[in-house]
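What follows is one structure encoded as structure tokens, with my remarks underneath.
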Amino acid sequence: MGGMPWKRVELAALVLYALGFYLVVIRKSLRLSHDYSGRLYGLRAGSLAGHLNDLSDAQWRNFRGNLPILTGVMAAFLILVNTLRYCYGLKGRGTALAWLILSLSYLCYLHGACVVFILLIALINYSMVKIFAHYKYCTSLIWSFNLSVLILNRVYEGYSFSLFGQNLSVLDNYRGTFRWHICFNFVVLRMISFGCDYCWTIHSSQFDHKKHIQKCQVCYSGKTCYFALQGLSVDRYTFLTYLCYLTYAPLYIAGPIVGYNAFAAQLEVPQKNYSFAQISLYGLRWILSFLLMEGMTHFFHYNAFVVSRLWQQLSPFEIFIISYGVLNFMWLKFFLIWRYFRFWSLVGGVETPENMPKCINNCHDLESFWKSWHASFNRWLVRYLYIPLGGSRRKLLSIWVIFTFVAVWHDLEWKLVSWAWLTCLFFIPEILVKSLSNKFQASSSLGMLVHREFKAIAGAVTISCLMVANLVGYVVGPSGIKVLISKMAGKEALPALAFIFTTFYVGVKLMFHIREASSSQQG
């Protein structure tokens, strides 16, 4: 009982520090946004108290601008499909056909004549999988083909019809409203998923699914884990269901990512983990989060500082505020985009993994961060890359392959490759420290206290490394590293660096309290 009052005092002190920190950050952010508003790119006329709205991020600007028409398309598709599904008892192939017709019409609007490229590549992949599925090297062939497609799509910028003959050049005038090869990154993941799931069904004894199924059951908290489903028969791998899976409208543009087995099973029987009331509450929470984003972009112009490259003129502490703000903006942006499409999919009867199950400010190690940022992609990587590469037995080697693939999958840019390799470098000490920490079992109160403090300091170091990696990948780029180092390495930066590290330390300690409170409630 003696430890309880001490923990309460610690928690009170941590909360007071956190409140003071956010008051300072908010006040400084407001001042920076006001003072530099005339020099920032990407600001537009706003709708809140006369403030300008930061729409400098192209992805968020496009999503927000197209939200009304996208919502209209979502409503029309859901009304039509669900009416057919429940009035005519559509299952399996019937549902797949309905979704395929609607999805192809959606793709024709988005990509115009370029839908031909999508269907042709999909047909080649399907034929290759069906022909070579009985061979041992089938999965290697699937990966080789899809990686080649991924790279060639980027190199040739989605190809030009004139490349295949001048008589086809007229089709270049009908390429739709959205570049097809950008969306095709997700299609590549689905093609790999279909191919591997089919090959593993043919050679079921050659792949150990047990570890992954257990991981999925834990992360789904006892619910039916559609992502780990293994029970599909061979005759369920049809061309109709395959095309429906690749082009499924709710998940086509941005995901979340769901495996072929999981998708095909829910075409037969719609998901049952979420009730109508839960889905409605999910949609309401999305609306409230969208309003939060509107407030954030009107009052805090974090991303505009990055786009305008004005961060180079700021003090070390101000650079930290902008960097911290950009990461939170990115988290909320992806949170809104992914949850919108997941909501659409849920209403359509297909459950996918939650991409942002945990706030960015509630992760103190790289492993938990990547399980909570684009989580469906993380599970896809575990299932189709990490386990086939050897799993935990070859963890130190496989992370280099995985993160390099993640970087190339996003785009062919050196700054992303730099981000990937920096993340791997920071991952190695964490893996080794965790291995040592698991072997250390503190028995005395002093030992437990020392172990807790060591974990808090290690967490603060990890968060610092994570911020550096993301700054290089998404803010300053490799070309800005010298400027960043010169800003942060001087004597005048030491107070700011000490404050930043202390803040991360306090944040990790708060995370410990949150987890302990959550564990006690569950217990």
Answer label for log10 I(q)/I(0) by the Debye sum over Cα atoms at q = 0.07, 0.08, 0.12 Å⁻¹ (calculated), chosen among (i) -0.44, -0.58, -1.31; (ii) -0.42, -0.53, -1.14; (iii) -0.48, -0.62, -1.23 = (i)
Compute the FRET efficiency between ILE69 and ILE431 as 1/(1 + (r/R0)^6), taking r as their Cβ-Cβ distance and R0 = 35 Å, and round to the nearest 0.05.
-> 0.15
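Using only the Cα atoms of segment 224-339, what semi-axes does the equivalent ellipsoid have when each is the square root of 5 times a gyration tensor eigenvalue? Give whole Å, largest first. Walk me through the intermediate numbers first.
Details: eigenvalues 327, 63, 27 Å².
Listed largest to smallest, the semi-axes of segment 224-339 are 40, 18, 12 Å.
Among 193-201, 66-74, 358-366, 325-333, how do they line up by average Cβ neighbours within 10 Å per residue, starting with the highest? Can you show the working numbers first?
On the way: 193-201: 23.2, 66-74: 13.2, 358-366: 18.0, 325-333: 19.6.
Result, highest mean first: 193-201, 325-333, 358-366, 66-74.
Would you work out the Kirkwood radius for segment 1-52? I mean one over the mean of 1/r across all pairs of different Cα atoms, in Å. Spell out each step's value before the answer.
Values: mean 1/r = 0.0705 Å⁻¹.
After inverting the pairwise mean of 1/r, the radius is 14.2 Å.
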Quick one: if you stick a label point 7 Å off each Cα along the C-beta vector at SER127 and SER464, how many nm between them?
-> 5.7
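Compute the FRET efficiency between TYR274 and HIS410 as 1/(1 + (r/R0)^6), taking r as their Cβ-Cβ distance and R0 = 25 Å, and round to the nearest 0.05.
It comes to 0.25.
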Expressed as a percent, the accessible surface of the chain that is carbon or sulfur, using a 1.4 Å probe and the full set of protein chains, is 66
Any chance you could tell me what percent of the C-alpha pair distances in segment 333-426 go past 16 Å?
-> 62
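How much length would be gained if the chain were fully extended between THR177 and TRP400, taking 0.36 nm per residue of separation minus their Cα-Cα distance, in nm to one decimal?
Result for the pair: 76.7 nm of gain on full extension.
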At 7 Å along the Cα-to-beta-carbon direction for both ARG39 and MET448, put a label point, then send me their distance in nm to one decimal.
-> 5.4
Step through the table entries LYS136/LYS371; LYS28/LYS509; LYS415/LYS487; LYS358/LYS415, compare each Cα-Cα distance with 23 Å, and write down the pairs that go over it.
-> LYS136/LYS371; LYS28/LYS509; LYS358/LYS415
Please work out how much length the chain gains when fully extended from LEU284 to CYS359, using 0.36 nm per residue of separation minus the C-alpha to C-alpha distance, in nm with one decimal.
-> 25.2 nm
List the aspartates and glutamates whose Cα lies under 18 Å from the Cα of LYS272, skipping any in the same chain that are fewer than 8 positions away.
-> GLU351, GLU354
Note the full-extension length gain between SER160 and LEU30 as 0.36 nm times their separation in residues minus their Cα-Cα distance, in nm to one decimal.
-> 42.2 nm
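Using the heavy atoms of the protein chains and a 1.4 angstrom probe, tell me the accessible area per residue for the chain in square angstrom. It would help to have the intermediate numbers written out before the result.
Numbers: 24860 Å² over 523 residues.
About 48 Å² of surface per residue is accessible.
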Accessible surface, 1.4 Å probe, highest first, among residues ASP54, ASP172 | ASP172, ASP54
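The values are calculated or read from the model by the stated rules, or taken from the named source; none is laboratory data. Quick caveat: nothing in here was measured; it's all calculated off a predicted structure. Cβ coordinates were reconstructed from backbone atoms using ideal geometry, including for glycine residues, and neighbour counts include every protein chain displayed. Areas reflect the complete protein model, heavy atoms only, side chains present, ligands, DNA and RNA absent. Shrake-Rupley method; radii C 1.70, N 1.55, O 1.52, S 1.80 Å.
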